[in-house]
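Right, one structure below, let's go through it.
The values are calculated or read from the model by the stated rules, or taken from the named source; none is laboratory data. None of the values given here were measured: they were computed from a predicted structure. Here the Cβ is made from the backbone with ideal geometry for all residues, glycine too, and neighbour counts use every protein chain on show. The accessibility values were calculated without ligands, DNA or RNA, using every heavy atom of the protein model including side chains. Shrake-Rupley method; radii C 1.70, N 1.55, O 1.52, S 1.80 Å.
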There are 4 protein chains.
Amino acid sequence: MTKLKIGFIGAGYIAGVHASILARDERVQIAAIHDVDRDRAEQMARTAGAEVAHSVAEALAESDAIYITTPNTRHTELAILAAEERKHVFCEKPMATTVADAERIERVTDKGKQVFQVGHNRRFAPVYAELRRMLSETHTPHSAHIKMNRGELLNPVWTGDPKVTGGFLFETTIHMFDMMRFLFGEVSSLQALGSSHEYAEIDDFSVLLKFQSGLHATLASSADAGWLFPFERVEVFCHHATIVTREMETLVYSEGLDGRHVERSMHQLAKEEKWGYAQEDRAFIDAILNRTPPPVTAIDGLRSVELVEAVYESVRTGRGWIEMKSVPSA
Amino acid sequence: MTKLKIGFIGAGYIAGVHASILARDERVQIAAIHDVDRDRAEQMARTAGAEVAHSVAEALAESDAIYITTPNTRHTELAILAAEERKHVFCEKPMATTVADAERIERVTDKGKQVFQVGHNRRFAPVYAELRRMLSETHTPHSAHIKMNRGELLNPVWTGDPKVTGGFLFETTIHMFDMMRFLFGEVSSLQALGSSHEYAEIDDFSVLLKFQSGLHATLASSADAGWLFPFERVEVFCHHATIVTREMETLVYSEGLDGRHVERSMHQLAKEEKWGYAQEDRAFIDAILNRTPPPVTAIDGLRSVELVEAVYESVRTGRGWIEMKSVPSA
Amino acid sequence: MTKLKIGFIGAGYIAGVHASILARDERVQIAAIHDVDRDRAEQMARTAGAEVAHSVAEALAESDAIYITTPNTRHTELAILAAEERKHVFCEKPMATTVADAERIERVTDKGKQVFQVGHNRRFAPVYAELRRMLSETHTPHSAHIKMNRGELLNPVWTGDPKVTGGFLFETTIHMFDMMRFLFGEVSSLQALGSSHEYAEIDDFSVLLKFQSGLHATLASSADAGWLFPFERVEVFCHHATIVTREMETLVYSEGLDGRHVERSMHQLAKEEKWGYAQEDRAFIDAILNRTPPPVTAIDGLRSVELVEAVYESVRTGRGWIEMKSVPSA
Amino acid sequence: MTKLKIGFIGAGYIAGVHASILARDERVQIAAIHDVDRDRAEQMARTAGAEVAHSVAEALAESDAIYITTPNTRHTELAILAAEERKHVFCEKPMATTVADAERIERVTDKGKQVFQVGHNRRFAPVYAELRRMLSETHTPHSAHIKMNRGELLNPVWTGDPKVTGGFLFETTIHMFDMMRFLFGEVSSLQALGSSHEYAEIDDFSVLLKFQSGLHATLASSADAGWLFPFERVEVFCHHATIVTREMETLVYSEGLDGRHVERSMHQLAKEEKWGYAQEDRAFIDAILNRTPPPVTAIDGLRSVELVEAVYESVRTGRGWIEMKSVPSA
């Protein structure tokens, strides 16, 4: 059987994560690796047993499917190029760093028959998959209290450069915007406050959100919080129950009204499973080979970009509620 | 030396807490205990070595200082009565259950020379006292993420009756409104969402707050969350640091950027010290004997009632920001 | 109905704990309080609404039942005196500070019809009661790993004086010796190592124990460990399960083989219930009024003293296994 | 520069861990991979960009340095073969599964100039490296309380087969025997109890240990404990301080006598750094290239095997103290 040829554009940390997962998938072969930094491409090619591609065009030419693992602000250009070349695309989050760009990608990919998947890996992380299952099957959520921090934007240094990231919220916090949709459905409106302290951008956010379902939530995200575990926590208040995730390590929920709780630890899983990377890569290859829709679509990518942009707009304008217009009313 | 005579109106749980603390204070004598439930008054009188008072008037007549420890919705009437009788008053929180009532109390007590203190005990709890010290001296706060839950409103059963409590937020969450002022200064405006699930009142709240200092915060409070520790948590994001309190048990803060944190446990303290009850009672007696201002004034009591009422108004009207008008601009 | 008259000999901290519990028990009346420190007796009498007794004899004369709450090394003399006076006796742990003394008490109390109960309160603490239930009903124990520390012997200062305590192990660690018998049955032999570092006695112990049931266990107890929670922890290894208690705060057990565990928190209980004091006091009064055997007998008190003495002997002699001879073989 | 050629004998999980670390080391090249299961060798060769060796002899012929990553009971034969062929050897723990075998290896390797390193990775894990630094520089240890469990021996299934592992203690608990020497120096004697419950071997151990330094320790290790975190914990009692490691995740120590503790989390490190694998592989290559002694020698490998064998002997004979004779007295 011919193996699916995979190319990478961008040879940084996350590319290595995907490559080492794909190296164990018998259905694929890593064919080409491109990076603007030639040394980095060579090192990754050596580890992955692949060839260096000297240009984006060459990487596209030698691949059936492309992983876009560059800095955030280059995703749009490359995603559109790859889609136009009729390649299957795995685009790391954020899909784009403006709604206008995300919409362009969505329009281009909507027409093709190729698979286009966005790297919102947390949907596949066992803690979040289990949380969603609980919220669907056993615990109707009433409200939620969510935080996602970074301790600093110094390491690696590009995380502090909005020209690379598109802005702090686009880099990691965007996962929580996707996660809220995944867990609670569409946001109908939101309102945010922000401030700037350590970095040359808004680095502290407080957000209030309404969902179409009636659920409401608070979200805090700080770029300068110091590395105190958990950096990421979702608390959901339900019928006489609280369910909490702490990063992708543990899922805790109260059971009954007598102070008993159950904790599921993902401590024994390898990080690539615990964080959902292995599952999202398998799902991408499955979608290509089985000609089925990918589990995280360009629409999902667009929606999370819309939410981030709405938060920035709310902070900038200081006005009242920002309505999420593009979402059809329930 | 003549001992200060203390009376209690209301002989429930919190009265017992104060009485057992005062019993060890050589400067005072518990003189009279009144409760609409005669048996309850008698039992408390027996434990405290005090006399039962058969009416409010009798309790006032036999006391220099009065603890108002009745259900919330009776505080106003009794506080005004006691103040008019020129008694020193320790009024349990909430000072009142409407802003109008709180203002009436404030006006009455403002004129007298008697001490009027409100039972916002958490200000005296070592975790919060230490947190405030850190925020004043070593860590400028940028934003905060706060929750305070109850697991249910079934036990004791009156906690589910707004005619007794004034509404869920007046019962326990009001502590967090006082705490936010204590830690971060005055709130300038707020906005809230609420919903009703298990109880005959709004029982789930999400709140976004702006402070005069520029700080912003999110607050979640749920009446039906199940008893998952911590029920009460304040997270403050500072310059490359997070400081977290978990109930009145522990204070945790990140130190440096390498994943180290320091945890101070109050595990060894008796509950009455850990929760600040012993300190607030000593402070009340100190203020009376030394003729100094009490550490928690009627203005403080009023402000926290204003904040709770603003949250209810915001949820009810669904409009934009509620400005906290009574606070002079900074 | 005539109330049972209770006297206290010793008016320190633990006396106050029992008195405040008994004050709420309608079946009893605190009649007399004696302490070598007259001021202390007076203060406790005031709080408890009781009379000061000017001598042990007077305290005995005015009481039906006596709480012996003096320093450890005075327990024997007073326990025998009270038993000879045909009083019901609640003797705080340790029952005595030598096996010879414990045997004398046991012989005296064995003959009478009076209730003699030893203050091994932990048996009544919900975490330990539940642990025992689990070990009896659902989880056969294979082995155990136990520690009980103090952080220091400086506060209160008498905790560092073996003339008062009988030795570090008699003061608090003795609870774990009683607990091991309660959970696992009789110890058949043990072996111990000890060393002396900060204090004028052996202050660090490592112990290996065999039980008649075949179970084996390790125990560590250090007098100078610093106050790191939990100070007291029992870990029991069972069939594909671990059950852990952390002080009297939480009971945790693994469930299944997939990294899930259940945690029961006693966080909401008042300390007197959480630590079993309220339950042991009720049980003592029950035994007197119902003429039933007390739940913790002089034999239990003796056995825990034997175990502590065996540890000291093992450390002193450095020889092999110390056989627990007094226990009939299973 | 010619790269150092590395061969692997054994292509299971731990081989993959080392290979993926070595793949990023520019000084080496993975040359040959052998496994009795040809498919497994091929899969690992593909991922590592290496060749399959069809025999042990071929693997040795094509390599300068050999990783022995087979089941435990084959280590001796292969270690001796490789040493006789004058290869540098990285031998996974346990070095052997009998003292006699470990001594044979030690004699063979002692004569050569080649590097022989044993895979006691935990010495390099940051939590343990930092613990050792503290015990050397700032905190003299008095005693220790240690546990290391597995939750079961079912997965992978060979962990329950002593013919493969050499016995439960040889598989993972041996790390703790090496760790105790690393932290506290040589054991002078020990005594152990064991029992058999779920598996066809002794699967529950309680051990008491004396060290040459005077330190004493308790160790519990259970094969059937259920997966309750932490599986591995070292508690060291020092001068008014406790230092605790929980797996290789966190290092906690009490600071002062007021209930404050400091916690260092290794949460952000990749597992290969957190567990010390990356550091031990770098150290092995360093030792070869710099002609310096390896940090974990055949003597270290032998000593940990001696301790495990002494525990089994103690359990089997039920006699008194087992003296560790081979260790020269201090």
### Query
Based on the alpha-carbon gyration tensor of the stretch C:249-310 and its eigenvalue square roots a ≥ b ≥ c, which shape applies: rounded if a/c is under 1.5, prolate if not and a/b is larger than b/c, or oblate?
oblate
### Task
Name all residues of the stretch D:75-97 having a backbone nitrogen under 16 Å from the label point set 7 Å from the Cα of D:Ser55 along its Cα→Cβ direction, giving them as ranges.
D:78, D:81-82, D:85
#### Entry: Gyration tensor (alpha-carbon) shape descriptor, the stretch C:89-132, a/c threshold 1.5
prolate
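Quick one: putting +1 on the C-beta of Lys and Arg, -1 on the C-beta of Asp and Glu, what dipole do you get for the stretch B:124-226 around its Cα centre, in Debye to the nearest 20?
Computed charge dipole of the stretch B:124-226: roughly 400 debye.
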### Summary
Probe 1.4 Å, protein heavy atoms only: B and A together bury a total accessible area in Å², to the nearest 100, of 4000
### Loop-located trypsin sites (Lys or Arg not before Pro) in the stretch C:28-125 whose Cβ has at most 10 other Cβ within 10 Å (DSSP)
C:Lys113
### Message
Counting only other chains, and only Cβ atoms inside 10 Å, what mean value do you get across the residues of B:197-205?
### Response
3
### Message
If you fit an axis through the alpha-carbon atoms of helix D:13-22 and take the longest principal axis of the Cα set of chain D, what angle between them do you get, 0 to 90°, nearest 10?
### Response
70
### Query
Semi-axes of the stretch A:29-164's equivalent ellipsoid from the Cα gyration tensor, sqrt of 5 times each eigenvalue, largest first, rounded to whole Å?
30, 20, 17
### Message
Using a Gaussian network model on chain B with a 10 Å cutoff between Cα atoms, which of B:Leu183, B:Leu22, B:Leu154 fluctuates the most?
### Response
B:Leu154
### Query
With springs only between Cα atoms under 10 Å, which of D:Ser189, D:Ser222, D:Ser136 fluctuates most in a Gaussian network model of chain D?
D:Ser136
### Message
Let me spell out the model: positive unit charges on the Cβ of Lys and Arg, negative unit charges on the Cβ of Asp and Glu, origin at the Cα centre of the stretch A:47-201. What dipole size does that give, in debye rounded to 20?
### Response
480
### Task
Please give the average number of partner chain Cβ atoms lying within 10 Å of the Cβ of each residue in A:238-249, rounded to a whole number.
4
### Query
Could you give the angle, 0 to 90 degrees to the nearest 10, between helix C:174-184's Cα long axis and the longest principal axis of the Cα atoms of chain C?
60
### Query
Which FRET efficiency, nearest 0.05, do C:Arg107 and D:Val157 yield, Cβ-Cβ r, R0 45 Å?
0.15
### Task
Take the Cα coordinates of the stretch B:124-242, assign each an equal point scatterer, and use the Debye formula without solvent to give log10 I(q)/I(0) at q = 0.10 Å⁻¹.
-0.32
### Query
What's the percent breakdown of Cα-Cα distances in the stretch B:149-209 across 10 Å bins, shortest bin first?
20, 50, 26, 5
## Note on the structure
By the C-alpha gyration tensor axes a ≥ b ≥ c (rounded if a/c is under 1.5, else prolate when a/b exceeds b/c, else oblate), the shape of the protein assembly as shown is oblate
## Note on the structure
Helix A:99-111 sits off the longest principal axis of the Cα atoms of chain A, rounded to the nearest 10 on a 0 to 90 degree scale, by 60
## Note on the structure
The value for chain D (convex hull of the alpha-carbon atoms, volume per residue, Å³) is 140
### Query
Taking a label point 7 Å from the Cα of D:Leu257 along the Cα→Cβ vector, which residues of the stretch C:203-230 have an amide N closer than 17 Å to it?
C:203-204, C:222-229
### Exam field: D:Ala61 pseudo-label spacings to other copies (7 Å along Cα-Cβ), nanometres
4.2, 10.6, 11.4
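Just how large is the dipole of the stretch A:236-330 about the Cα centre, in debye to the nearest 20, putting +1 at every Lys and Arg Cβ and -1 at every Asp and Glu Cβ? Write out the running numbers ahead of the final one.
Values: 11 positive and 15 negative charges, 36 e Å.
The dipole of the stretch A:236-330 has a size of about 180 debye.
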### Task
Under 16 Å between C-alpha atoms is the cut-off here; go through chain B and count lysine pairs that meet it, provided they're at least eight residues apart or on different chains.
6
### Summary
GNM of chain D, Cα pairs under 10 angstrom: of D:Asp203, D:Asp178, D:Asp39, the biggest fluctuation goes to D:Asp39
## Note on the structure
Mean 1/r over distinct Cα pairs of the stretch C:106-166, inverted to a Kirkwood Rh in Å, yields 15.8
### Task
Evaluate peptide D:213-224: per residue, the Cβ atoms of other protein chains within 10 Å of its Cβ; return the mean as an integer.
6
#### Entry: For the stretch D:1-94, Kirkwood radius (reciprocal of mean inverse C-alpha pair distance, Å)
12.7
### Query
In a solvent-free Debye calculation with one equal scatterer on each Cα, what is log10 I(q)/I(0) for the stretch B:278-330 at q = 0.12, 0.28, 0.29, 0.30 Å⁻¹, listed in the order of the q values?
-0.45, -1.05, -1.09, -1.12
### Query
Kirkwood hydrodynamic radius of the stretch C:178-329 from all distinct Cα pairs, in Å?
18.0
### Query
Where q = 0.14, 0.18 Å⁻¹, what log10 of I(q)/I(0) comes from the Debye formula for the stretch D:210-300, counting one point per Cα?
-0.82, -1.11
